[in-house]
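The values are calculated or read from the model by the stated rules, or taken from the named source; none is laboratory data. Because the structure is predicted, anything quoted here is derived from the model rather than measured. Methodologically, a virtual Cβ is constructed for each residue, glycine included, from the backbone with ideal geometry; neighbour enumeration extends over all protein chains shown. Ligands, DNA and RNA are excluded from the accessible area calculation, which covers all protein heavy atoms including side chains. Shrake-Rupley method; radii C 1.70, N 1.55, O 1.52, S 1.80 Å.
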Amino acid sequence: MALAREHDLHRRRRGRNVALGVVLVLFVALVFGLSIVKIEQGDMMEAFDHQPRASALPPAGDAPADPGPAPAAPLDPPGPAPEVAR
Amino acid sequence: MSDIPAYEAGGDAEFRDYVALLKPRVMSLVVFTAFVGLWIAPVAVNPFVAFCAVLFIALGGGASGALNMWYDADIDAVMRRTQGRPIPAGRIAGPEALGVGLFLSGLSVMMLGLAANWFAAAFLAFTIFFYAVVYTMWLKRWTPQNIVIGGAAGAFPPMIGWACATGGIGIESLLMFALIFFWTPPHFWALALFMKDDYSDAGVPMLTVTHGRTVTRRHIFAYTLVLAPFALALGLTSVGGPVYLAVSAVLNVLFIAGGWRILRRTEPQAQADGYAVERSFFKLSLYYTFLHFAALLAQHAVGGL
């Protein structure tokens, strides 16, 4: 049967697939390495997510020395407690 | 035979055809200049991040090369020099090249944004747009100044490299841009003088075809004069110094002298010695950029002004 026979077409396709596989593995390694470097450099790993979180605030040393007067209490009566996402 | 003849004709692409689609030779200039721009910038970059950034800039350059080959497949099929490219040779289909170009454009811009910063990524996106749309689609077939304006696309990589490190633009990166921008026309026109490519058959208005060879010679000399002050001015910035200035002064004297010799020659004289002067000027132009950027690296290594 012709299908069982190794044809030049199959050789070319195998070569292409193996090369693409190698490129993809290298890409994964690259992204992994980049992540390690970024984490080691202490880059911001999480952004503002519409809810204030202590982990996404600037370090305490950056705060101004005199925070000024405390903000006035909101005029609106407190509404129901916000839903907690998790 | 039970095989399908179309496959016998080599219609199935190999991996190297996809690599050829990215114009690896053009990429080498992009890699080198982008690396220099990034490395000599005043902000230190982690070596692995620098490696990734240069890689993604090169990938973006390759993507724009694929888009260029997709759009120019009709011209490439006419010119002898480009008939063997994957699309005119029938190994890769046009729409597939378009897909590869668009995918790699998106990937390179996104990854550069994540690896370096989003200003550099936006700059890369603009460069791809400039080469694929402004140069390839608008200018190349319309004006004999195509090389001049299209040269900007090749001049952006050191600026992108600089932007990866600093997040912005500086006088140094603008002068690196000017160095490649004003170098490109004499480089390509010297090639056009002795290659005598079949541009006219392909309908590409090269200056040698539209305005003649005497005008082209005059243009080459004029650009060597315009280029020199920008190249030397770079030596007076924070990335310059005595090493760079010495190299640049020698190269510019040689380049202007070469341009002058090209200007003084007539076409019969050039034909008589097989375009020897034009060929040596072209070779000098290759060393010109390489040595300027190598000098910037050397100057960075020994310290600036």
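The helices (runs of 4 or more DSSP H) found wholly in segment B:232-305 and carrying at least 2 residues that are under 23 Å from B:Ala41 (Cα atoms) occupy B:242-264, B:276-302.
Look at (1) open to solvent by less than 10 Å² (accessible area, probe 1.4 Å); (2) under 19 Å from B:Arg218 (Cβ atoms) and you find that B:Phe182 fails only one, number (1).
Report, by residue number, each residue of segment B:53-82 that is buried (at least 18 other Cβ atoms within 10 Å of the Cβ) and either over 23 Å from A:Phe27 (Cα atoms) or touching a Phe, Trp or Tyr at 6+ places or on another chain (Cβ under 6 Å) (or both). Residues satisfying the conditions are B:Val54, B:Ser64, B:Asn68, B:Met69, B:Trp70, B:Tyr71, B:Asp72, B:Ala73, B:Ile75, B:Asp76, B:Thr82. Would you confirm, using the coordinates I've provided, whether B:Ala50 is at pLDDT 95 or above and surrounded by fewer than 23 Cβ atoms within 10 Å (Cβ to Cβ)? When the stated conditions are applied, B:Ala50 passes them.
Each row is one residue, and each column tells you yes or no for (1) within 15 Å of B:Ala115 (Cβ to Cβ); (2) facing chain B (nearest Cβ under 10 Å).
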| position | (1), (2) |
| --- | --- |
| A:His7 | no, yes |
| A:Arg12 | no, yes |
| A:Gly15 | no, yes |
| A:Val18 | no, yes |
| A:Leu24 | no, no |
| A:Val28 | yes, no |
| A:Val31 | yes, yes |
| A:Ser35 | yes, yes |
| A:Glu40 | yes, yes |
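Of all the residues in segment B:85-118, those that are out of contact with any helix residue (DSSP H, G or I) (no Cβ under 9 Å at 6 or more places or on another chain) and closer than 11 Å to B:Leu59 by Cβ number 0. Looking across B:Ala115, B:Ala63, B:Ala20, one residue alone is within 14 Å of another protein chain (Cβ to nearest Cβ) and under 22 Å from the mean Cα position of the chain (by Cα). It is B:Ala20. Does B:Gly94 satisfy the condition of being under 30 Å from B:Gly203 (Cβ atoms), more than 14 Å from chain A (Cβ to nearest Cβ), in contact (Cβ under 8 Å) with a residue 24 or more places away in the chain and surrounded by fewer than 16 Cβ atoms within 10 Å (Cβ to Cβ)? Criteria met by B:Gly94. Scanning segment B:141-175 for residues that are open to solvent by less than 30 Å² (accessible area, probe 1.4 Å) and more than 19 Å from B:Phe56 (Cβ to Cβ) yields B:Thr143, B:Pro144, B:Asn146, B:Ile147, B:Val148, B:Gly150, B:Gly151, B:Ala152, B:Gly170, B:Glu172, B:Leu175.
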